[in-house]
Structure formats: structure tokens, C-alpha cells
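Written below as C-alpha cells is the structure these notes are about.
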Amino acid sequence: MYRRIRDLREDRDLKQRQLAEYLQCSQQVYSNYELGQRDIPTDILIRLADFYGVSIDYLLGQTTNPMRNK
């Protein structure tokens with residue numbers, strides 16, 4: 001999961017600081033999410049999925065299909 005959120009960010013040429021601002025957390029906290037040093041709270045997972053337009057299952061590595069079921 002942690003690699004996936006980093007890859008999504010890098011694919012969009014975003015900095016950790018930019019995501020941290022969007023999520024209203026510090027850059028260090030966001031960095032810890034990407035490194036797997038801190039569990040990602042459910043509300044942050046939801047915001048990340050909304051931001052990237054992917055399913056939470058995709059973020060969690062439960063599927064390789066990023067599309068949301070509608």
C-alpha cells in the first residue's frame with residue numbers, strides 16, 4: 001500500500017508537501033505514511049482515494065484495478 005501511494009503521487013509530479021497540505025497534516029507525517037512507519041487513518045485513505053480517483057481497495061493493494069465500483 002505504501003509504495004502505491006508514493007507511485008500515485010510521483011506519477012502526478014507532486015511533492016509530499018503538496019499532499020500533506022491537501023490532507024492537512026505535516027510533510028513528515030505524510031512521509032511516514034509513504035514509508036509505512038505510520039498507519040494511515042481511514043479518513044486519510046478516503047481522501048487519498050478521492051484525490052486520485054481510485055478505489056480504497058486499490059490503495060490497500062487488494063486489487064490491481066484502480067477503478068471504483070459504481
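The values are calculated or read from the model by the stated rules, or taken from the named source; none is laboratory data. This is a predicted model, so every value here is computed, not measured. We place every Cβ from the backbone using ideal geometry, glycine too, and count neighbours over all the protein chains shown. In case anyone asks, the SASA skips ligands and DNA or RNA and just uses the protein heavy atoms, side chains included. Shrake-Rupley method; radii C 1.70, N 1.55, O 1.52, S 1.80 Å.
Things worth noting here:
- For Glu21: the one exception among (1) outside any helix (DSSP H, G or I); (2) surrounded by 11 or more Cβ atoms within 10 Å (Cβ to Cβ); (3) of a type in the set (Asp, Glu): (1)
- Scanning region 45-70 for residues that are assigned to a helix (DSSP H, G or I) and out of contact with any Ser or Thr (no Cβ under 8 Å at 6 or more places or on another chain) gives Leu45, Ile46, Arg47, Leu48, Asp50, Phe51, Tyr52, Ile56, Leu59.
- Hits in region 35-44 (condition: touching a residue at least 12 places away in the same chain (Cβ under 8 Å) and either open to solvent by less than 20 Å² (accessible area, probe 1.4 Å) or in a loop (DSSP other than H, G, I, E, B) (or both)): Gly36, Ile40, Ile44
- Residues (aromatic (Phe, Trp, Tyr) and more than 11 Å from the chain's Cα centre (by Cα)) located in region 23-65: none
- Condition check for Asp57: of a type in the set (Asp, Glu) and at pLDDT 95 or above: no
- The single condition from (1) under 16 Å from Gly61 (Cβ atoms); (2) open to solvent by less than 80 Å² (accessible area, probe 1.4 Å); (3) charged (D, E, K, R) that Arg3 fails is (2).
- Test: residue in region 53-67 that is surrounded by 15 or more Cβ atoms within 10 Å (Cβ to Cβ) and hydroxyl-bearing (Ser, Thr, Tyr): yes
- Test result for Asp50, surrounded by fewer than 11 Cβ atoms within 10 Å (Cβ to Cβ) and without any contact (Cβ under 8 Å) to a residue 24 or more places away in the chain: no
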